[in-house]
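Shown next, in structure tokens, is the structure this report addresses.
Any read-out appearing in this document is the output of simple, stated calculations on the displayed coordinates, not a laboratory observation. Since we're looking at a predicted model, the values are computed, not measured. Don't worry about glycine lacking a Cβ; one is built from the backbone with ideal geometry, like all the others, and counts go over all protein chains shown.
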């Protein structure tokens, strides 16, 4: 039996709707905050909420309240504590102070977004509620499918298009070069009409958002070096092809977002060529030139990617604020995009002593709101991203630090010689489930809960190695299940469903093997489709809270809780004999908490008694179970607070009397050799 490495029978709060009376917070309003404490934690004498008012700490005393699910007479009850707090600022930052009594002496502990501490902690780890306008409701319910247009599919018209001077034309079955002079020049000829022809496939996986990497003309296959922002690359079919694709996607209920570089253009961009030709031109102010106009700043020193200088009012007008700006043009008819993912957003507006990042992000969001109020704004921020995401700018982050990187490290092979997110490390260093949880909590703590549900949870992307190359056999399916069951937007990169491989981002951009079944390594599509369905139909998986139940070495167990239904998740990377948890830790209503299996991969079982539940498994595996919902107390004032209006459970309650094991839909990855 594994030794439990993370203490989980501790007080819990995470900023989700089960614990907060109103996610639509307004500065100057009051909000009711709750915390739950398991009986096994020990006797609690007092609880306070410490909030910041204009930067100064303020304490409000919380009070004990009872809930229908947790009657105080029960030996397995959870205590609920509640406090009304004034939100003075647009971002309410707070933590809980808990007084206990051990051996007749008072003791104090702090609960913040990273966890429970018996010492003072930095304000940066405090919980956050935000008064800024929320993203459209569909954003946190989304499932994103990312397409790299050159490698997805070719329409019949693709063969008629001439090869540009910068490109090396490749057959669809020709190997991708992971590095070298030819890497950005290999042109496979995928186009937008080819994508439109495969919308059935994308929709069958349960995706709700199609995310296109750049479609502007450029001098590379990745197109992050745009030569103009005023038209669609003719190699992709031109403007009319984008209009056809978006119309076809909308007809199916799919939304489409584009990819935009607000940090740089290409060196052949019409603005940059004008800037080079005339130092007195307006465009010369769009970039960072030296005094004699002979050198310029660029992204990471790459000459083909000159960096924008956002001190220029004219650049701001053409790119963001003008009536026909880049941001506006593609959201409006006839193109009708549903949003943007901003490339290297963490670097945008930042250069030396300049830091206009928040200002530019706010301008972009304001313009998008004015043009298309229900549009999505996501931003790439590859490292510790939370400081830039307080709800006033980007809706969510495409970041790897708090989820993707530690997930790779937990599920990695002993030796996986891949590019590990640009570090000098020759592949991921293997970590325990305990360290996965600790890393995730530390790097997700400073995100407001609302933003956490809108961050992109990616198994991999066009900028990383493929998870199938990194992870242990069957680990990819475990990882896919985790992106669907942890807070955030599940994000698939085209080819994940086929188990495609790649040692770095360029190698991962493999053409889709539509007519080459021998290149399909694993048929993961049915599992993805079922996970998409569960996430769509069970509110717990797209808005429920997150509570860690166990994290040892090879085993990770957590629960997503909601007032309708809770979902219990157990995952393992190796065989294990037994992990036993108290029944009351898993669910407060132990007498009515017989779980119903929902989905599984590999072999992972659980046996329960009235007192405990014991999990065991053989090899990489993951299992989902359904549990009853959690009902919060009505509150001291009698006003009811819950995460949503109760509604009929879409999954139904047909299996509530079944045993835990061997009843769930089970999927094994089909291996192709």
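Could you work out [θ]222 nm for the chain from helices alone, using -39500 (n - 2.57) per DSSP H run of at least four and dividing by all its residues? Round to the nearest 500 deg cm²/dmol.
Values: 16 runs with 120 residues, N = 673.
For the chain, the value works out to -4500 deg cm²/dmol.
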Counted neighbours (other Cβ, 10 Å), sorted fewest up, put 351, 63 in the order 63, 351
Pairwise centroid distance, computed over Cα atoms, of the range 539-576 with the range 272-345, Å
44
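Using r as the Cβ-Cβ distance of residue 350 and residue 292, and R0 as 25 Å, what FRET efficiency do you calculate, to the nearest 0.05? Spell out each step's value before the answer.
Working: r = 25 Å, r/R0 = 0.98.
Working from the Cβ atoms, E equals 0.55.
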Helix 525-537 vs. the chain, principal-axis angle (Cα, 0 to 90°, nearest 10)
60
If a paramagnetic tag sat 7 Å from the Cα of residue 204 along the Cα-Cβ line, which residues of the range 222-249 would have the backbone N under 15 Å from that point?
none
As a Kirkwood estimate from alpha-carbon pairs, the range 264-307 has a hydrodynamic radius in angstrom of 10.1
For residue 384 and residue 274, FRET efficiency with R0 = 56 Å and r from the beta-carbon atoms, rounded to 0.05?
0.90
Could you state the angle between the C-alpha long axis of helix 433-444 and the longest principal axis of the C-alpha atoms of the chain, as a value from 0 to 90 degrees rounded to the nearest 10?
70
For the range 100-148 and the range 76-97, compute the distance between their C-alpha centroids and round to whole Å.
11
Please give the length that would be gained between residue 61 and residue 24 if that part of the chain were fully extended, namely 0.36 nm times their separation in residues minus their C-alpha to C-alpha distance (nm, one decimal).
11.0 nm
Label-point gap, in nm, between residue 116 and residue 45 - each point 7 angstrom along Cα→Cβ
1.8
Computed from the beta carbon distance with a Förster radius of 51 Å, FRET efficiency for residue 300 and residue 533 to the nearest 0.05 stands at 0.80
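Give me 320, 144 sorted ascending by neighbouring Cβ count inside 10 Å, so fewest comes first. All intermediate terms of the calculation are to be shown ahead of the outcome.
On the way: 320 20, 144 23.
In order of increasing Cβ crowding within 10 Å: 320, 144.
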Starting from the Kirkwood Rh over alpha-carbon pairs, what translational D in µm² s⁻¹ does the range 16-126 have by Stokes-Einstein at 25 °C and 0.890 mPa s?
165
Where does the range 429-567 land on Rg(C-alpha)/(2.2 N^0.38 Å)?
1.10
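What is the gain in length, in nm to one decimal, between residue 362 and residue 518 on full extension, counting 0.36 nm per residue of separation less the C-alpha to C-alpha distance? Display every interim value, and only then the final one.
Numbers: separation 156, 0.36 × 156 = 56.16 nm, distance 4.77 nm.
Contour length minus the Cα-Cα distance gives 51.4 nm.
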DSSP bridge orientation in the chain - percent antiparallel, rounded to nearest 5:
75
Compute the distance in nm between two label points, each set 7 Å from the Cα along the Cα-to-Cβ direction, one at residue 138 and one at residue 392.
2.9
Using the alpha-carbon centroid of each, what span in Å lies between the range 439-474 and the range 401-420?
11
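Need the full-extension length gain, residue 414 to residue 181, defined as separation in residues times 0.36 nm minus the C-alpha distance. One decimal, nm.
80.8 nm
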With the crude spin-label approximation of a point 7 Å out along Cα→Cβ, what separation in nm comes out for residue 321 versus residue 53?
3.6
Pairing the Cα long axis of helix 475-485 with the longest principal axis of the chain, what angle in degrees results, from 0 to 90 and rounded to the nearest 10?
70
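Please compute the contact order of the chain in relative form: average sequence separation of alpha-carbon pairs under 8 Å and at least six residues apart, divided by the residue count, as a percent.
Working: 1596 pairs, mean separation 89.2, N = 673.
Relative contact order comes out at 13 percent.
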Report the far tail of the P(r) of the chain, meaning the percent of Cα-Cα pairs longer than 35 Å.
43
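What ranking do 399, 100, 163 get, fewest neighbouring Cβ atoms within 10 angstrom at the top? Write down the numbers at each step before the final one.
Details: 399 29, 100 17, 163 11.
Ordered from fewest to most neighbouring Cβ atoms within 10 Å, 399, 100, 163 come out as 163, 100, 399.
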